[in-house]
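Working notes for the structure below.
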Amino acid sequence: MQARLTVALFLSVLLNLTCPAFAQTPSGMPTATELPEALQPPIAARPTLFTSVHEVDLVLSVTDHKGKFVPDLLPSQLTILDNGQEQTAITFFQRQTNLPLDVALLIDSSSSVTYKFPDEQKTIKHFIKSVIRPNDRVAVFAFNEKVSLAAEVNNNWKQMAKKIMHLKPGGDTAIYDAVSAAASWLGKDHRPSRQIMILLTDGEENSSKTSMADAITNALKANASIYAVNVSAEFDDPEQKQGREVLVRLTDATGGAYLEDTGDNGNNAFRKIERELRTQYAIAYKPSNLEEAVFHRIRVLAPGKLRVRCRSGYYASQNALHKALMTARPPKS
C-alpha cells in the first residue's frame, strides 16, 4: 500500500476502517440498532484485468503494558476477529505505514478556553511544521457554538500557521457539530490515506445540534480516528469530569486516543500523537462473512499484554456485490 501506487491502483478506494482493542463495546459507541442505514460506498470503476475483491483495510496502533509503541510485529502475530469470526485471508501488511495523512485540526475557540488559546496556537503551529509532509492534507476547524473551516492549505504551512494565529476565542461549545463537520471534509478524499481528527478542547459540550451518537457515526463513515487533547485546567471539577467522559467516548469509539494537557501547552500530547502516527501498521483482509450483517464489529488481538487500538468496525452490504470495494493491491511486504 505504498503512497506511490500507480494511477491504475488509485482507481480503487480503500476502506480504511479500524477496530477497538477489547471486545467490550466502548462507552458511548452506538450499537448496531442505533446506527443509521448502511453506508453506500461507491464502486470504483477500473480496468477488467484486475480481479474484483472484497477487502477491509485497517490502521493499527500497538502498545505494550507500559504504553510504548511496538513497531515490529509480523502479520502472523495478529488475530483479526470480524463479528467474532477469525479472519485468515490477509492481503496486505505494512509496518510503520507511510500512507499520507488527512488531518482535521478541531480547535475549541469558545470562552471556556480563552486563557489557553495563545499557547495552543503555538503548539499546533509546531506540530504542523514537524509532522505534516507535502503529500498530506490539513484543515483547521475553529468552533464555539458555530463551526467554521478556518484554513485549508496544501503545502503552504506558513499560510496555515498565520491563519491559526489569527483565531479569536469566545462563545459556547459545539463539539459534536465540529466532529461532524470535520468528518464531512475528511470523507471527500478517496485516495489511500489515514483520516485523523485532532480535537483540542476542554470537553464542555453545551451547544451542538448533533448528538454524540451521530457524531461518532459520522466519524466512522469518514474512516476517521479522533485524538482528543483535553486542555482543562482542573480535572477534578464535576463539569471537567463530564467533559473528560465526552472525549473518552469519542476516542474509544473511533480508535483514536484521549490525552491531557499536562501543563506544557499540549506539547507532550502532540509528541505522543506524532510518535503514534510514525509507528502505525496497515493491514488488509478479505472478510469471510461479508454478507452476515450491516455493521461489522472488529477486534484485533496481539501476543501477551500487547494492546491493539483501532476503529470499532465497518459497514458492509447485505448485497456484497453492490457494496464491496474494488481494489488492486501490490504483494504483501
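Backbone geometry of the range 279-290 corresponds, through the Karplus equation with coefficients 6.51, -1.76 and 1.60 at θ = phi - 60°, to 3J(HN,Hα) couplings of 10, 6, 9, 10, 9, 9, 8, 9, x, 7, 10, 4 Hz, x marking Gly and Pro. The H on the amide N of L199, modeled in the peptide plane, is under 5 Å from the matching H of L106, Y227, A228, V229, each at least 5 residues off or on a different chain. Rounded if a/c is under 1.5, else prolate if a/b is larger than b/c, else oblate: which is the range 101-146, with a ≥ b ≥ c the root eigenvalues of its Cα gyration tensor? Since a/c reaches 1.5 but b/c is at least a/b, the shape of the range 101-146 is classed as oblate. Of the chymotrypsin sites (Phe, Trp or Tyr not before Pro) found in the range 222-264, the ones in coil according to DSSP and having at most 15 other Cβ atoms within 10 Å of their Cβ are F235.
Of the trypsin sites (Lys or Arg not before Pro) found in the range 172-209, those in coil by DSSP whose Cβ has at most 10 other Cβ atoms within 10 Å are K188, K209.
Calculated on the alpha-carbon coordinates, the convex hull of the range 181-286 measures out at 114 cubic angstrom per residue. Counting only lysines at least 8 places from K122 when in the same chain, those with an alpha carbon closer than 21 Å to its own are K158, K162, K163, K168, K272. Averaging 1/r over each pair of different alpha-carbon atoms in the range 59-199 and inverting the result gives 17.3 Å, the Kirkwood hydrodynamic radius.
Rounded to the nearest 20 debye, the dipole magnitude of the range 101-278 is 1100 debye, with +1 charges on Lys and Arg beta carbons, -1 on Asp and Glu beta carbons, and the Cα centre as origin. Here, P(r) means the percent of Cα pairs in each 10 Å bin from 0 to the largest distance; for the range 101-278 it is 11, 43, 39, 7, 0.
Since every read-out is calculated from the coordinates, none of them should be taken as a lab result. Just so we're clear, the structure is a prediction, and the values are computed from it rather than from any experiment. Every residue, glycine as well, gets a Cβ built from its backbone with ideal geometry; the counts of neighbours run over all protein chains shown.
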